[in-house]
Structures are given as C-alpha cells and as structure tokens.
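Reading through the structure tokens given below for one structure.
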Amino acid sequence: MRTKFSLLQAVAGVALGVVALAPAQAQESVKIGLILPMTGGQASTGKQIDNAIKLYMQQNGDSVAGRKIEVILKDDAAVPDNTKRLAQELIVNDKVNFIAGFGVTPAALAAAPLATEAKIPEIVMAAGTSIITERSPYIVRTSFTLAQSSTIIGDWAVKNGIKKVATLTSDYAPGNDALKFFKEHFAAGGGEIVEEVKVPLANPDFAPFLQRMKDSKPDAMFVFVPAGQGGNFMKQYAERGLDKAGIKVIGPGDVMDDDVLNGMGDAALGTVTAHLYSAAHPSQMNKDFVAAYKKAFSNRPGFMAVSGYDGIHLIYQALKKTGGKTDGDALIEAMKGMKWESPRGPISIDPETRDIVQNIYIRKVEKVDGELYNVEFQTFEAVKDAGKTKK
Ligand code: PHB
C-alpha cells in the first residue's frame with residue numbers, strides 16, 4: 001500500500017513537474033498561427049504571402065529579442081468557416097501569440113471575434129475591405145484598402161478625359177467597396193456609369209458579361225477582381241475583342257497583379273491602375289527584394305507578397321519593442337504609429353485605426369526589357385483609408 005502510494009505520489013510529482021515546466025517551455029518560442037488560402041481560387045495569395053514570410057525570416061533570422069519565432073501554417077482555402085475553426089484550434093491547442101494572414105475579407109472577419117476574446121493580435125496581410133480593422137481592437141492591417149486606390153483612380157479618370165465607364169466588380173465586400181469609392185469620385189467629377197456588372201467570387205466566367213460591356217460603348221471599364229483572377233479576366237477580355245474596340249481597363253491594381261501580369265500579353269499594354277505596389281518600383285530596397293524573391297521562388301513578387309513581408313516585419317518590430325513579451329495589448333500598442341521603409345515605399349500604421357497608411361501610385365503597363373510591368377508615373381503620398389465609418 002505504502003509503495004503504491006509513494007509511486008502515485010511520484011507519478012503525480014513528475015506530472016506536476018511537467019505542468020510546472022510547460023509554461024516556461026511554451027514561452028521560449030513565439031508562435032504565429034498563419035492562416036492562408038494555399039489551395040482553391042485564392043491560392044496565389046497564400047503562396048505569395050507564405051513565400052515572402054519565408055524570405056523575410058531567411059534574411060532576418062528566426063529569433064527576435066531572444067525568442068524563437070515559430071510559424072504554424074494552416075490552409076483555409078479562403079472558406080471563412082475553415083478560418084474560424086483553424087483560428088480556434090491555433091489559439092486553444094497551439095496557444096499561438098498571433099494569428100495572421102487572411103487571404104480574403106470574409107476570412108479576416110471570421111477570425112476577428114476570436115482575436116478579441118483571446119486578446120492576441122490579428123495581423124491582416126491580404127484582405128482589403130475598410131471595415132475590417134473596426135471589427136476588433138486587436139486587428140492591425142499591412143495590406144491595403146480598396147478605398148485607398150479606387151478613390152484615386154476615380155479622380156484620375158475624370159481628369160483624363162474618361163467620361164463613360166462600365167464597371168465589373170467581384171460580388172463581395174471588397175468589390176462593393178471598390179465600386180462605391182470609385183463611383184463617388186468619378187461621379188463627383190461628372191463621370192457617367194453606363195453599365196454595372198457584378199461577378200461571383202468563385203470561378204467567375206467573365207465572357208457573358210463582356211459582351212454587355214462592349215455593347216454599352218464605354219470609354220473605359222472599371223474592374224475589380226481579387227488577386228489571382230486577373231490573368232483569366234484579361235484572357236477573356238482579349239478574346240472578346242474589347243482591347244481592339246479601344247475599351248481600356250482601369251481600376252485598383254489587383255487585376256494587374258505582378259505575379260501574372262507578364263503572362264497577359266499585349267492586350268494589357270497601356271492599362272492604367274492605382275495601387276500600392278509594383279515590382280518595378282524604382283527603389284534600391286525593392287530591387288533587392290524582387291531579386292531575392294525571384295531567386296528563391298522563380299517568380300515575381302506581387303502586392304500580396306509585399307503585404308506579407310511587411311506583416312512579418314511588423315511582428316518582429318513589435319516584439320523588439322516589447323522586449324520579447326507577448327502580451328497582446330502591449331504588442332498592439334507597440335504597433336500603433338510604427339513607420340518603416342517597405343519595398344513598396346514608406347508606410348506606417350495609423351495609431352487611431354490600426355490600418356496601413358501608404359503611398360498610392362498611378363501606373364501604366366509598359367514593356368520593360370521585353371517584360372510587362374506596371375510603371376509608376378504619379379505618387380499620392382501617405383494615403384489613409386477613406387472608408388472608415390468611425391474614428
Ligand atoms: C479581399 O477579400 O479583401 C481581397 C482579396 C484579394 C484582393 C483584394 C481584396 O486582391
């Protein structure tokens with residue numbers, strides 16, 4: 001009996017020891033739960049962000065303030081129910097200190113209440129609907145908003161003799177933001193919308209709508225499709241002869257994403273878009289970034305890659321500021337107002353909204369050394385999101 005008792009005690013003692021040790025061990029590495037669409041229609045977004053984070057960690061090491069950084073990648077295929085379940089598992093089972101990624105707006109929104117409840121930062125590296133940062137005080141965004149670029153291209157269109165526009169936008173939250181902010185600015189300058197079409201997010205077939213666009217005889221068509229769909233859109237646009245009919249594409253730069261732009265052919269030449277990033281951005285930092293990314297992954301980085309690269313940089317810098325402490329409130333405070341030089345140009349985190357402030361460039365597709373690039377020709381500096389409902 002006695003032996004048994006002490007054995008139990010010993011077992012309990014070992015177990016207690018394990019329990020007591022566990023938190024200390026868990027503190028050794030900082031865990032980032034990275035939720036991205038690695039499969040499905042948005043997989044190019046997931047791939048770009050995952051690549052960029054790997055590149056950043058190769059260049060900057062995998063520890064910060066004495067703590068090892070561990071990234072746990074999960075594929076949600078851009079399905080918000082998956083995002084929610086994966087975020088829950090990462091928070092409860094893996095005890096992650098950050099959740100990050102989110103390839104589409106519904107995914108970022110699905111995770112928001114979980115970040116609030118767990119009091120851990122949610123770093124949005126892709127999604128672009130304005131309201132996202134308002135859904136949790138723990139959300140910080142390093143991507144963009146559609147309002148940032150759609151307002152600017154709306155103003156540009158009226159100033160450049162475009163009077164009639166047909167719109168084609170992806171039928172979900174960021175498409176609706178793009179349309180709303182473009183229309184506000186275009187109409188304020190006297191522009192007229194002659195046709196308005198919304199296409200489904202999943203596997204859109206543009207062909208049936210393109211004939212309608214052509215028949216409405218616009219000066220240009222305003223297009224928002226999410227990253228990954230631009231190549232397919234431009235193929236169908238050329239097949240239907242809209243380029244030959246002289247109907248130029250304008251819009252936020254998602255449709256001209258650098259990772260697919262070079263495969264679009266001459267139909268893309270002359271396309272003017274407003275956006276946060278071009279692989280042809282002429283800074284030394286960007287030249288180095290593009291060269292390193294191409295060397296590692298045999299492809300050009302696009303705007304999603306840069307948003308991921310800046311997202312992991314933000315996490316590293318915040319941890320440096322807190323001395324490696326992972327208290328969520330302290331990390332969010334550390335991120336507010338942070339400024340740095342990105343491959344896209346100078347950026348910062350608005351301390352009031354936790355949203356990104358960045359330059360928006362107007363660019364035109366041109367051939368440079370035989371390849372298609374978005375060549376920047378006008379810069380709007382330090383653009384804040386115009387779409388906040390409250391401050
Ligand atoms: C979004 O879902 O918010 C989103 C996704 C891809 C884009 C832009 C916005 O290119």
Can you give the Rg to Rh ratio of segment 252-323, both from alpha-carbon atoms, with Rh computed by the Kirkwood formula?
-> 1.06
Three principal axis extents, largest first, for the C-alpha atoms of segment 70-110, in Å?
-> 23, 16, 15
In nm, the gap between the two label points placed 7 Å beyond Cα toward Cβ at residue 58 and residue 217 is 5.4
Divide, for segment 339-385, the radius of gyration over alpha carbons by 2.2 N^0.38 Å, where N is the residue count.
-> 1.41
How far is helix 303-321 tilted off the main Cα axis of the chain, in degrees rounded to 10, range 0 to 90?
-> 40
Once you list every other residue whose beta carbon is under 15 Å from the beta carbon of residue 313, what net charge do they have if Lys and Arg are +1 and Asp and Glu are -1?
-> +2
Beta carbons within 10 angstrom, averaged per residue: use that to sort the peptides 252-261, 183-192, highest first.
-> 252-261, 183-192
Among 97, 79, 110, flag the residue with its Cα farthest along the positive direction of the charge dipole of segment 74-123, charges on Cβ as +1 for Lys/Arg and -1 for Asp/Glu.
-> 97
When the chain is fully extended, how far beyond the present Cα-Cα distance does residue 322 get from residue 294, taking 0.36 nm per residue of separation?
-> 6.7 nm
Nearest-20 debye value, segment 195-244 charge dipole, Cβ charges on Lys, Arg, Asp, Glu = 80
For helix 173-188, report the angle its Cα long axis makes with the longest principal axis of the Cα atoms of the chain; keep it between 0 and 90° and round to the nearest 10°.
-> 40
From the phi of every residue in segment 214-225, what ³J(HN,Hα) in whole Hz does the Karplus formula 6.51 cos²θ - 1.76 cosθ + 1.60 yield, where θ is phi - 60° and glycine or proline is x?
-> 5, 5, 7, 6, x, 6, 7, 10, 8, 10, 10, 10
Relative contact order of the chain, defined on C-alpha pairs under 8 angstrom at six or more residues apart (%) = 16
With runs of 4+ DSSP H residues as the only contributors, calculate the mean residue ellipticity of the chain at 222 nm using -39,500 (n - 2.57) per run, divided by the residue total and rounded to the nearest 500.
-> -13500 deg cm²/dmol
Once Lys and Arg get +1 and Asp and Glu get -1 on their Cβ, which of 301, 167, 229 lies farthest toward the positive end of the dipole of the chain?
-> 301
Given a Förster distance of 30 Å, the FRET efficiency implied by the Cβ-Cβ spacing of residue 39 and residue 88, rounded to the nearest 0.05, works out to 0.90
Mean projected area (nm²) of the alpha-carbon convex hull when segment 313-391 is viewed from all directions = 7.0
Determine the distance separating the Cα centre of segment 31-88 from the Cα centre of segment 278-319; give it in Å without decimals.
-> 15
What per residue convex hull volume, in Å³, comes out for segment 196-303 when only alpha-carbon positions are used?
-> 104
Size of charge dipole - segment 81-226 - debye, nearest 20, with Cβ of Lys, Arg +1 and Asp, Glu -1, no other charges | 160
Express the Stokes-Einstein translational diffusion coefficient of the chain in µm² s⁻¹, to the nearest whole number, given a Kirkwood radius over alpha-carbon pairs, 4 °C and a viscosity of 1.567 mPa s.
-> 60
Cα convex hull volume per residue for segment 81-139 (Å³) = 62
Calculate how steeply helix 146-159 sits against the longest principal axis of the alpha-carbon atoms of the chain, using the helix alpha-carbon long axis, and give the answer as 0 to 90 degrees to the nearest 10.
-> 20
In debye, nearest 20: dipole of the chain around its Cα centre with unit charges on the Cβ of K, R (+) and D, E (-)?
-> 580
Most positive-pole-ward Cα, 276, 262, 204, against dipole of the chain from beta carbon charges | 276
Tell me, rounded to the nearest percent, the portion of alpha carbon pairs in segment 62-201 spaced more than 27 Å apart.
-> 35
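No value in this document is a laboratory result; all are computed from the given coordinates. Just so it is clear, the structure is predicted and the values come from calculations on it, not from any experiment. No Cβ is skipped: glycine too gets one built from the backbone with ideal geometry, and neighbour counts run over all protein chains shown.
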